[in-house]
Amino acid sequence: MPPLASKHDKHASKYTLDRNIPGAFEGETVTRRHFMTGSAHAAGAVAALSFTLPALGFAIGPIFKSKPHVWETVGPTDMFPDNNYIPTVITLTPGIGEAGKGLVYVRQKNPAIDTDPYDKNTPYIAITSRCAHLGCPVRWVPAAERFICPCHGGVYDLLGRRVAGPPPRPLDRFYTRVVHVDGTPMVQIGSRFSVNSELRRFSPRDPGEPIDGLGQYAYPSRPSIRR
Amino acid sequence: MPKIPTPPIPAPLKAPPPRPQESNGAVRPVDHAANAGTAVVDWVDERTSLSGAARWMMFRKVPKGTNWFYTLGSATMFAFLNQAVTGVFLAMYYRPDASGGAYESIRYVTDDVFLGQFVRGMHKWGSTVMVVLVFLHMGRTFFFGAYKYPRELNWVIGVVLLILTMVMSFTGYLLPFDQRAFWATQVGVNINGTGPLVGPYLSDFLRGGSEIGATTLSRFYAIHMLLVPGLIAALIGAHLYLVAKLGTTAPPWSKAEKDPELRESEA
């Protein structure tokens, strides 16, 4: 009897007679043993994928879930001078109490200082305390007119631009607006955005990610947080 | 039935010799009781054949010159077992609640639970000990050349175990949810984010969103107590199997035994 055609044989004939399968019906080109082995493997694969795929999707789902835009009132407009920052606390992550709060430095926009052409419609400058290096909390030192990070020595100027240390870009900012609550003009803080070294706006990036030049493509905007 | 050897009991405590009418070779209940341990082991072994595997694992030949440096692997394993046991019992008190519950549960363990500070301390300092031992074990393997053929795969498994140990250290650091935990995780996640293209998505995956929050804590807790310990335990099993299968290496300074025939001819 001639040898059975191997399943790895690319030139196996499509005719039953040429396959030399013992006891084959007309039209059979696959041995029953081979067919059963394949069926068992396929059933096992389906069973395994039926729980691994949903579990994987469940785990990576938050990557694609967007954050809602909210406006938070931080105080009346006369609370904020135009030459010094006032620290205010806003809720960055709702529902977890103190751990979800973050510090934002707010001052009124000053045409003499804020000369960049990109930020036309934010009446107040709100700068995050999250260092652009690795996310430690920076503090505003009024005497030096500098933001200083305690962790790795990042220093930023009055506009949040890097002066010294490892940060790859300026401090992030937040959108601001003024709304009248019971006749009193109040400052509200909205979503976060990142700026490059010319203070041009970008979708929020995480700390440590440069957005000048190729950086904006190497560290793309994510679906979980957009401006 | 095989008899186990008699332990050295002082004379006054020894059982009296059998009376004449009893010493007719009959097996008394006390003999059964004395051999109960052997009988149980025999019963299990008859149905599982495990004693062969146990002998294969435990009674191995080791090369001449084997020394204390060869115990670093076992030391690492015992450090892991310490982490596993203390971790299981810490989980009985811990709550992965980002709005204050996690911090409070750790404070309760440390301040109020009997031996709580000790067990938490064992887990906290044990983690550092484990990392140190892993590196010493790795250094021993490297400097003794024990990673070479045919043991390359065991080196690879060991490197995966090193990475998993680091993952344990990283995820465990967040769990107390105090200031240090929060900011250290902030920095750690952002370091992950500095990888081009995939980094930002990796950060979102680790945090379960764009900011550290309740999802981050429960996610780190699940990784720390379920996912990675299971992987480490399985890989330690594979690591040990290969050690038993391939045997250990002689230290690099020990000379090879000369062929007996060659030695005779030289003499």
What does the C-alpha gyration tensor say about the overall shape of segment A:131-227? Classify as rounded when a/c is under 1.5, otherwise prolate if a/b is larger than b/c, or oblate. oblate
Once phi for every residue in segment B:77-92 is put through the Karplus expression 6.51 cos²θ - 1.76 cosθ + 1.60 (θ = phi - 60°), the whole-Hz ³J(HN,Hα) values, with Gly and Pro written as x, are 5, 5, 4, 5, 4, 4, 4, 5, 5, 5, x, 4, 6, 5, 5, 5
So how tilted is helix A:32-60 from the main axis of chain A? Cα-based, degrees 0 to 90, rounded to 10. 10
Relative contact order %, chain A, counting alpha carbon pairs below 8 Å whose residues are six or more apart: 16
Taking the square root of 5 times each eigenvalue of the Cα gyration tensor, what semi-axes in Å does the equivalent ellipsoid of the protein assembly as shown have, largest first? 62, 36, 26
Could you please rank B:Asp259, B:Asp204, B:Asp97, A:Asp182, placing first whichever residue has the fewest other Cβ atoms within 10 Å of its Cβ? A:Asp182, B:Asp259, B:Asp97, B:Asp204
Treating chain B as a set of equal point scatterers at the Cα positions, no solvent, please give the Debye-formula log₁₀ I(q)/I(0) at q = 0.11 Å⁻¹. -0.86
Using the basic label-point model (7 angstrom from Cα toward the beta carbon), what is the A:Leu49 to B:Ile191 distance in nanometres? 3.8
Using alpha carbon centroids, what distance separates segment A:47-61 and segment B:59-120, in Å? 31
Residue exposure sequence - B:Leu115, B:Leu217 - by fewest surrounding Cβ within 10 Å: B:Leu115, B:Leu217
If the reach is capped at under 13 angstrom between alpha carbons, list the aspartates and glutamates near B:Lys258, excluding any in the same chain fewer than eight residues apart. B:Glu266
With runs of 4+ DSSP H residues as the only contributors, calculate the mean residue ellipticity of chain A at 222 nm using -39,500 (n - 2.57) per run, divided by the residue total and rounded to the nearest 500. -5000 deg cm²/dmol
Report Rg (one decimal) and Dmax (nearest whole number) for segment B:146-210, counting Cα atoms only, units Å. 15.6, 47
Place a +1 charge on the Cβ of each Lys and Arg in segment B:67-246 and a -1 charge on the Cβ of each Asp and Glu, then give the dipole magnitude about the Cα centre in debye, rounded to the nearest 20. 540
Relative contact order of chain B, please, whole-number percent, based on alpha carbon pairs below 8 angstrom and at least 6 residues apart. 22
Could you list B:Met168, A:Met186, B:Met57 in order of exposure, starting from the residue whose Cβ has the fewest other Cβ atoms within 10 Å? B:Met57, A:Met186, B:Met168
So the angle from the long Cα axis of helix B:101-111 to the longest Cα principal axis of chain B, reported in degrees to the nearest 10, equals 50
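Rule-based calculations on the coordinates, nothing more; no lab input. Since the structure is predicted, the reported quantities are computational estimates derived from the model, not experimental observations. With ideal geometry, Cβ positions are generated from the backbone for all residues, glycine too; neighbour counts draw on all protein chains shown.
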